[in-house]
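K.L.:
What follows is a single structure, and I will ask about it in a moment.
The values are calculated or read from the model by the stated rules, or taken from the named source; none is laboratory data. Here the structure is a predicted model, which is why all the values come from computation and not from measurement. Heads up, the Cβs are rebuilt from the backbone with ideal geometry, glycines too, and the neighbour counts pull from every protein chain shown. Side chains included, ligands, DNA and RNA excluded: accessible areas come from the protein's heavy atoms. Shrake-Rupley method; radii C 1.70, N 1.55, O 1.52, S 1.80 Å.
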Amino acid sequence: MDALRQQAENFAGREVVFDPRLTVPDCIGGYAFAWSGPRSSALAASCPPTGWRIILPLQAAALTIRRGQTVRVEAAGQGFRVGADVIAEGRSDSNGNITVRNSRSGRSFSAVAGPDGQMILPGSADQP
């Protein structure tokens, strides 16, 4: 399992989530990897000589937003979704909270960055 974990993390560039009860057969010649799932949220690992295959979820990458970066923020509710491009006024904290400024109105407000890069307003129906 250690060889599969190391090869998978080298391929993905981030941590792979493993169930500790998982038993992984050795693969002579090495495992093959391909992206699987929406927004590359998982890897398909296989052993070509044997046909063995498994889907490995990836650990969510921490999203860092920097001051001056333009990002899209959305608000959603029952039957609607609106969005605007805004400018980050600082760095996101460990919870993804960040102050942003609407470039059209000049108003500042708080938003939350999700691990997939989506920015939403606190209290929005889509907030994690």
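K.L.:
Name, by its number, the condition in (1) on the phi < 0 side of the Ramachandran plot; (2) open to solvent by 60 Å² or more (accessible area, probe 1.4 Å); (3) not aromatic (Phe, Trp, Tyr) that does not hold for residue 74.
P.N.:
(2)
Rundown of residues vs (1) of a type outside the set (Lys, Arg); (2) part of a loop (DSSP other than H, G, I, E, B); (3) at pLDDT 90 or above; (4) out of contact with any helix residue (DSSP H, G or I) (no Cβ under 7 Å at 6 or more places or on another chain), yes/no style:
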position	(1), (2), (3), (4)
53	no, no, yes, yes
83	yes, no, no, yes
87	yes, no, yes, yes
91	no, yes, no, yes
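K.L.:
Spot the failing condition for residue 10; the list is (1) part of a loop (DSSP other than H, G, I, E, B); (2) over 30 Å from residue 121 (Cβ atoms); (3) open to solvent by 50 Å² or more (accessible area, probe 1.4 Å), and only one is missed.
P.N.:
With (1) part of a loop (DSSP other than H, G, I, E, B); (2) over 30 Å from residue 121 (Cβ atoms); (3) open to solvent by 50 Å² or more (accessible area, probe 1.4 Å) applied to residue 10, the lone miss is (1).
K.L.:
Would you check if there is a residue in the range 18-36 being open to solvent by 60 Å² or more (accessible area, probe 1.4 Å) and under 13 Å from the mean Cα position of the chain (by Cα)?
P.N.:
Scanning the range 18-36 turns up no residue that is open to solvent by 60 Å² or more (accessible area, probe 1.4 Å) and under 13 Å from the mean Cα position of the chain (by Cα).
K.L.:
Among the residues of the range 116-125, are any in contact with a Leu (Cβ under 6 Å, 6 or more places away or on another chain) and either at pLDDT 75 or above or open to solvent by 30 Å² or more (accessible area, probe 1.4 Å) (or both)? Steps first, please.
P.N.:
Of the residues in the range 116-125, the ones in contact with a Leu (Cβ under 6 Å, 6 or more places away or on another chain) are 117.
Right, trim to either at pLDDT 75 or above or open to solvent by 30 Å² or more (accessible area, probe 1.4 Å) (or both) and you get 117.
Checked against the condition, which is being in contact with a Leu (Cβ under 6 Å, 6 or more places away or on another chain) and either at pLDDT 75 or above or open to solvent by 30 Å² or more (accessible area, probe 1.4 Å) (or both), the range 116-125 yields at least one hit.
K.L.:
Related question: Determine which single condition residue 72 fails, assuming it passes every other condition in (1) farther than 28 Å from residue 121 by Cα; (2) in contact (Cβ under 8 Å) with a residue 12 or more places away in the chain; (3) part of a strand (DSSP E or B).
P.N.:
Failing condition for residue 72: (1).
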